[in-house]
Amino acid sequence: MQVFVVSDGTGETGTAAVRAAMLQFQSPWHLKVFGEIRNPADARALIERAADAGALVVFSLVEGEVVAALQLAAQQHGVITMDLLGPLIAKVAQRLSVEPRHQPGLMHGMTEEYFARIEAIEFAVHHDDGANARTLYDADLVLTGVSRTSKTPLCMYLAQRGYKVGNVPLVPSIEPPRELLELDPRRVFGLVIDPAELTTIRQARLRAMNVLPTTNYTDIESVYDEIERAKLFCRRNGWRIIDVTGKAVEENAARILEYHELGRGD
């Protein structure tokens, strides 16, 4: 089965929705994304391609003429379509008694939110793995934990959401920077993970780097002790502990933001 995602922007909205829906099926499928579709001619041409491929079309278009052209062409060619935004926009317009703008490209425009997101990404890059600790006080959130607990991926994901995040590793026998200990504990989150899973991750990392395993770094007993010491250190400093074992970056980010919002409401 082929699914065409059609968008007047990047196609991220439709892609995310399709992937979420297709997780419920075990049948093979293939996704194609068609972005920047902003005129009726392009919409009609795309429907013709979908008809030839026997594809389902999922679209997130907002401009009225383009939507009408796509839906008419789909009806003529017998192509099944799914409008992701149209019904929702109509309901919101009905509730607010306001006519929508029907203007494409707003989600990724050069807004204040866009520039804040870019600033957050730059902050995460410059404060990765303990770098520039002297300016950690500017962070919205700070992640800490032992090596290979997904600190950097989580920082980058949260930065995409507009949060300025830094991360500081907890390394055995090395004192963390003073700046970390001086932060408001409600902004600091300690990441922990099951020792067996962490050992497997570290072993795979070393193999990928063609490095021979080191005793303490991948020894299960040493790893267990390292995790327990990290937990104790986090508790002593009043930091919230997040167990990332077996969880996706998105899940861990959602938990961190939930606790962050609760902390700000104190």
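Sort out which residues of the stretch 204-222 are open to solvent by less than 70 Å² (accessible area, probe 1.4 Å) and either without any contact (Cβ under 8 Å) to a residue 40 or more places away in the chain or in contact with a His (Cβ under 9 Å, 6 or more places away or on another chain) (or both), and write them in order of number.
As a first pass, look at the stretch 204-222 and keep what is open to solvent by less than 70 Å² (accessible area, probe 1.4 Å): 204, 206, 211, 214, 217-219, 222.
204, 206, 211, 214, 218, 219, 222 - these are the residues of the stretch 204-222 that are open to solvent by less than 70 Å² (accessible area, probe 1.4 Å) and either without any contact (Cβ under 8 Å) to a residue 40 or more places away in the chain or in contact with a His (Cβ under 9 Å, 6 or more places away or on another chain) (or both).
If you check 210, 237, 216, which single one turns out to be of a type outside the set (Phe, Trp, Tyr), in contact with a strand residue (DSSP E or B) (Cβ under 9 Å, 6 or more places away or on another chain) and over 14 Å from residue 151 (Cβ atoms)?
237
Before we move on, is residue 129 within 28 Å of residue 248 (Cβ to Cβ), open to solvent by 20 Å² or more (accessible area, probe 1.4 Å) and in contact with a strand residue (DSSP E or B) (Cβ under 7 Å, 6 or more places away or on another chain)?
Answer is yes for this residue.
Tell me, which residue of the stretch 21-46 that is among the aliphatic types (A, V, I, L, M), out of contact with any Lys or Arg (no Cβ under 8 Å at 6 or more places or on another chain) and within 17 Å of residue 79 (Cα to Cα) is surrounded by the fewest Cβ atoms within 10 Å (Cβ to Cβ)?
41
Under the condition of being not in a loop (DSSP other than H, G, I, E, B) and not small (Gly, Ala, Ser), which residue from the stretch 205-220 is farthest from residue 195 (Cα to Cα)?
Filtering the stretch 205-220 for residues that are not in a loop (DSSP other than H, G, I, E, B) and not small (Gly, Ala, Ser), the one farthest from residue 195 (Cα to Cα) comes out as 207.
Which number in (1) assigned to a helix (DSSP H, G or I); (2) crowded, with 17+ Cβ neighbours inside 10 Å; (3) of a type outside the set (A, V, I, L, M, F, W, C); (4) within 21 Å of the chain's Cα centre (by Cα) marks the one condition that residue 122 misses?
Among (1) assigned to a helix (DSSP H, G or I); (2) crowded, with 17+ Cβ neighbours inside 10 Å; (3) of a type outside the set (A, V, I, L, M, F, W, C); (4) within 21 Å of the chain's Cα centre (by Cα), the lone unmet condition for residue 122 is (2).
Test residue 50 against the stated conditions and say whether it is open to solvent by less than 10 Å² (accessible area, probe 1.4 Å) and either modelled with pLDDT of 95 or more or assigned to a helix (DSSP H, G or I) (or both). Give the derivation first.
On the way: open to solvent by less than 10 Å² (accessible area, probe 1.4 Å): yes; either modelled with pLDDT of 95 or more or assigned to a helix (DSSP H, G or I) (or both): yes.
Taking the combined requirement at face value, the residue satisfies it.
Could you check the stretch 223-247 and list, in sequence order, the residues that are assigned to a helix (DSSP H, G or I) and either open to solvent by 50 Å² or more (accessible area, probe 1.4 Å) or of a type outside the set (Val, Ile, Thr) (or both)?
224, 225, 226, 228, 229, 230, 231, 232, 233, 234, 235, 236
Give the number of residues within the stretch 159-203 that are open to solvent by 80 Å² or more (accessible area, probe 1.4 Å), over 20 Å from the mean Cα position of the chain (by Cα) and farther than 20 Å from residue 235 by Cβ.
Selection size over the stretch 159-203: 1.
Would you confirm whether or not the stretch 84-95 contains a residue that is closer than 17 Å to residue 8 by Cβ and either in contact (Cβ under 8 Å) with a residue 40 or more places away in the chain or touching a strand residue (DSSP E or B) at 6+ places or on another chain (Cβ under 7 Å) (or both)?
Checked against the condition, which is being closer than 17 Å to residue 8 by Cβ and either in contact (Cβ under 8 Å) with a residue 40 or more places away in the chain or touching a strand residue (DSSP E or B) at 6+ places or on another chain (Cβ under 7 Å) (or both), the stretch 84-95 yields at least one hit.
As an exercise: evaluate residue 250 against (1) buried (at least 19 other Cβ atoms within 10 Å of the Cβ); (2) assigned to a helix (DSSP H, G or I) and give the number of the one condition it does not meet.
(1)
Given the criterion within 31 Å of the chain's Cα centre (by Cα) and either aromatic (Phe, Trp, Tyr) or surrounded by 14 or more Cβ atoms within 10 Å (Cβ to Cβ) (or both), identify the matching residue among 56, 72.
The match here is 56.
Of everything in the stretch 232-266, what is touching a Phe, Trp or Tyr at 6+ places or on another chain (Cβ under 8 Å) and more than 13 Å from residue 189 (Cα to Cα)? Give them in sequence order.
Result: 249, 250.
Determine if the stretch 135-150 includes at least one residue that is touching a Lys or Arg at 6+ places or on another chain (Cβ under 8 Å), under 19 Å from residue 176 (Cβ atoms) and free of Cβ contacts under 8 Å to residues at least 40 places away in the same chain.
yes
The values are calculated or read from the model by the stated rules, or taken from the named source; none is laboratory data. These numbers come from a predicted model, not from an experiment. Virtual Cβ from ideal backbone geometry, glycine too; neighbours counted across all protein chains shown. Calculation scope for accessible area: heavy atoms of the full protein, side chains included, ligands and nucleic acids excluded. Shrake-Rupley method; radii C 1.70, N 1.55, O 1.52, S 1.80 Å.
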